[in-house]
Every structure is written in C-alpha cells, then in structure tokens.
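Everything on this sheet refers to the single structure shown next.
Derivation of every value follows stated rules applied to the coordinates shown; laboratory data play no part. It should be emphasised that the depicted structure is a prediction, and the values quoted were computed from it without experimental measurement. Neighbour counts are summed over all protein chains in view; Cβ atoms, including those assigned to glycine, are modelled from backbone coordinates with ideal geometry.
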Amino acid sequence: MDRDLISRAKHGDKDAFTSLVLRHGDRLYSVAYRILRDTGRADDSVQQTFLTAWRELRRLRDDDRFEAWLYRLLVNACFAEVRHTRRWQPGLRLITDSDVGPSTDDAQVSVALRDELERAFRRLSAEQRSVLVMHHYIGLSGAEIADALGLSQGTVRSRLHYARQQMRAAIEADSRLAATGETA
Amino acid sequence: MNTEEQVDRTLESWLATGPTELPDRSVAAIVNHLDNTKQPGPIWFPRRIKMLRFATALGSAAVLVLVAVLAINFYTNQQGIGGQPSPTVSPAPTVAASPSMAPTVAASPSLEPTETPDQSGCINYAAGGTYRRSVGTISVSATVPTEWRGGADAFFLVNTSCLFSASLELKVALVHAVPSNACDWRSTGVEAATPAAVTAALAAQEGHETIGPTDTTVGGYLARRFDFTAPADLDIGTCQDGLRLTGGTEGEEFGGPDRDETITMYVVDVDGLAVGVYERRLTDATEAQIAELDALVASLRFEP
C-alpha cells in the first residue's frame with residue numbers, strides 16, 4: 001500500500017504524501033524524541049525529515065526502501081539539531097507524570113534509575129544514541145541499522161557496544177545504590 | 001552484575017516511556033510547507049538537447065575506445081607477444097584500508113559453500129571451519145571452533161552474539177592511530193605508521209594497566225604482545241565514549257578494557273604493516289576458554 005502512495009507522491013500528489021506522513025510520522029517522532037530527549041527538537045527534526053523526503057523522493061530508486069530511507073533522513077536531521085544546539089541540555093530535567101512509575105517506595109528507585117539512565121544517555125554521542133534507539137526501541141538488527149544508515153556493520157556494532165557500556169554502568173551504579181539503601 | 005538480558009529489559013523499559021505521537025500541529029505544518037517545497041524534475045531526464053549531444057559524444061567516444069582496443073589486440077597477436085598485458089586489463093589492486101569492505105569470497109576455496117550472514121550480520125560456524133577476510137591489503141584466515149560466529153564485513157570472531165559483548169572475542173584490523181590516553185582518546189589521537197611506532201605508543205598509553213610488550217610471533221611474523229586490564233577504580237562514565245586502545249579508519253578502532261575484561265593485543269609486523277590482533281575475554285574466563293582463544297590466534301595466517 002505504501003508503494004502506491006510513494007509512486008503517486010513522486011508525481012507530486014500531496015495527498016498521497018500526506019498519507020505517508022500520517023503513516024510514518026508517529027514512529028519517526030518517537031525515535032527522534034528518544035534520540036534528542038526534547039519534544040521541540042524532535043518535532044523540528046521530523047518536520048525537516050518529511051520536507052526533505054518530499055523534495056528528494058524522486059531520487060529514491062527502490063520504493064521498498066522507503067522506510068529505511070526515512071530513518072536515514074531522520075537521523076541526519078537529528079544530527080543537525082545536535083550541531084545547532086552545540087551542547088546538550090544539563091542533566092537535570094523536569095520529570096513528567098509519564099515518566100514516574102507506581103506510587104510506592106519502589107517508585108523512588110525507579111525515578112533515580114531513570115535519572116541515571118538519562119545522564120548516561122546524554123553523555124553518548126548522537127551517533128551512539130541513534131544506534132541504541134534503533135536497536136532497543138525500534139528493534140532493528142545490526143544489519144538493518146547498518147543498511148538504513150549506510151554504515152558498516154562493524155561500525156554499528158562498535159557504537160552499540162560503547163553505548164551499552166555506558167548505559168550498563170548507569171544501571172549497575174543504581175543497583176549498588178539500591179543495595180546500600182541510599183538514594184541518588 | 002547485570003546480565004545482558006537485564007540490561008536489555010531495563011533499556012527497553014526506559015525507552016518505552018515518553019511521547020509517541022506526532023502532534024497534529026506538526027502534521028499541519030508539514031502539509032502547509034509542501035506547497036513551498038519544490039520537487040525537482042526527474043534526474044534521468046535533463047534538458048533534451050543537452051542530453052542528445054551528450055549521448056552522441058558518449059557514443060562516439062565508445063566507438064573510438066572499442067576500435068583502439070581491437071587494434072591493440074590485433075597488433076599484439078601479430079607480433080606473437082600475447083603475454084604482454086595491457087594496462088587496461090590488469091586487475092585493480094585492493095588498496096582499501098578499511099576492513100569493512102566486502103570480503104573477497106569467490107577466490108578462496110576454503111570458505112564454506114554457503115556463508116549467509118544472519119540478521120546480526122554474523123556467519124554461524126556451527127561445525128567450525130576456516131574463516132577468511134581481507135584486512136586492508138592482507139588476507140587473514142583462522143581456524144574457527146564449532147559454534148563460533150564471524151563477522152561478515154570485518155575480521156572478528158565471537159563465541160556468542162555478534163551484536164553485544166561476548167565472553168570471548170578475536171578481532172584483526174590494521175592500526176593507524178594510537179591515542180596517548182585511552183579514556184580521552186578523542187583528543188589525544190596519535191598517528192602511528194609503523195609497527196615500532198604502534199608498539200611504542202601502546203607502551204606509553206595511559207588509562208589502563210599494561211603488561212608488555214614481550215616478543216613473540218603470530219602466523220610466522222614477528223609480534224609484540226601486550227596485556228591490558230582496567231584500573232580497579234575505573235569509572236567508565238568519566239570517559240565520554242569508553243576506553244579506546246587504537247583508532248584509525250572507522251571500523252578499525254578497538255575499545256576497552258572494561259572492568260571485567262582482559263585484552264591481549266599483538267602488534268604483528270606483516271611486511272612493514274602494523275596489524276593489530278586483539279583477544280578480548282572476561283577476567284574470570286576458564287582455562288579452557290583461554291586455550292580456545294589462544295588456539296585461534298595460533299591458527300592465524302596472513303597473506304599479503
């Protein structure tokens with residue numbers, strides 16, 4: 001069904017392209033937010049992604065690769081957002097209701113762990129964040145990530161390894177704090 | 001210590017929180033901007049007149065080349081030389097430095113008849129066998145134990161998953177750069193063009209515990225061996241991108257060691273090229289596992 005929409009969009013059919021935006025927008029936004037950790041910048045990245053996709057759609061030779069191509073455009077847009085921002089926001093952020101678990105004593109541990117993970121994630125490069133999100137959030141394999149981003153599988157593996165190392169250290173740090181009864 | 005599965009679950013649970021819907025106002029903004037964003041014409045149909053001229057010129061040039069090749073072949077055969085190869089037919093040298101190039105599969109008779117990577121990009125050697133990959137201009141091979149996995153686009157072997165840290169890992173890659181500080185590697189990279197320079201740089205590298213270098217041989221070539229472990233007080237969080245022993249072209253780098261790992265690295269002098277052979281194992285690896293890894297290294301063969 002995407003193929004028909006893509007084909008029509010290539011010939012300038014805005015309604016067909018709008019349908020593609022509706023089909024893929026939520027997922028791209030989810031990924032962008034998880035890479036950038038900011039709704040406004042995620043919004044900007046997704047908008048930029050779709051406008052680039054509209055402009056460059058005729059260069060897409062294999063319509064079956066549309067989704068992978070969108071991911072690549074999105075990741076590039078996220079990288080551009082990072083460059084424009086120059087540095088990450090500081091570690092503290094407003095914890096929203098959607099982030100907090102059940103209201104029990106364990107919730108304090110949960111919130112503390114999320115803060116540790118947030119801090120660890122913000123220390124990752126944009127490249128490492130992207131592969132971590134694409135693997136652990138979208139569920140793409142190393143080969144699929146390499147294919148979507150135009151990287152070698154060795155590079156994907158290397159980035160994922162370092163990213164997981166950092167995140168694992170944060171998880172273990174929280175485990176140690178929890179074991180001693182301390183809070184972050 | 002958290003298992004890989006626990007890390008997976010924690011990460012996935014954490015990533016699952018957060019917004020998942022593109023706001024309607026964003027969709028509206030995209031649609032509104034479509035009118036202001038032009039789609040260029042199809043790139044395979046430029047202006048007709050220019051295309052016709054180009055096609056005509058290209059066709060004429062092709063005819064001239066064909067005539068020249070035929071003429072060369074004709075006169076070469078007339079003179080009975082035959083064996084003088086034209087420069088235009090000699091194979092292009094494999095000069096790529098990155099080990100991420102596609103492997104030269106067709107030439108080697110020692111590869112399994114079917115080498116299809118799985119979804120993680122690994123080739124599963126359930127029955128063992130010979131694994132061969134190009135590392136720069138060198139062909140490198142190893143005898144793989146059963147149930148190991150090999151990378152499809154770079155020389156590395158692991159005894160478990162290709163994606164994540166395995167309990168045993170072997171990697172072979174050229175070495176072009178060695179940071180002076182393994183933790184602050186982004187800003188302390190040093191070019192190291194020769195095996196001697198790489199060895200000296202590694203011996204002086206900060207950020208980890210080091211034993212070596214000691215002299216040995218790998219695959220019949222002279223090598224210098226190092227053993228690296230992490231400092232007891234290592235806080236990986238202070239290293240922006242983890243520890244890194246060596247750098248170079250993307251894919252050539254090698255990271256670590258982590259708190260629970262030991263890395264043995266050989267700097268092998270293969271006809272003047274610095275080839276890095278890296279063994280990674282957990283510090284509590286069994287003697288059998290260490291022997292398995294050492295046997296892998298002993299089976300390495302380099303064909304410049």
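Computed about the Cα centre, the dipole magnitude for the range A:2-92 is approximately 380 debye when only Lys and Arg (+1) and Asp and Glu (-1) carry charge, each at its Cβ. Among B:T262, B:T130, the order by Cβ neighbours within 10 angstrom, fewest to most, reads B:T130, B:T262. Using alpha carbons only, the radius of gyration of the range B:257-304 set against its Kirkwood radius gives Rg/Rh = 1.04. Counts of other chain beta carbons within 10 angstrom of each beta carbon in peptide A:49-62 average 3. Listed by Cβ neighbour count within 10 Å, with the fewest neighbours leading, A:F79, A:F17 appear as A:F79, A:F17.
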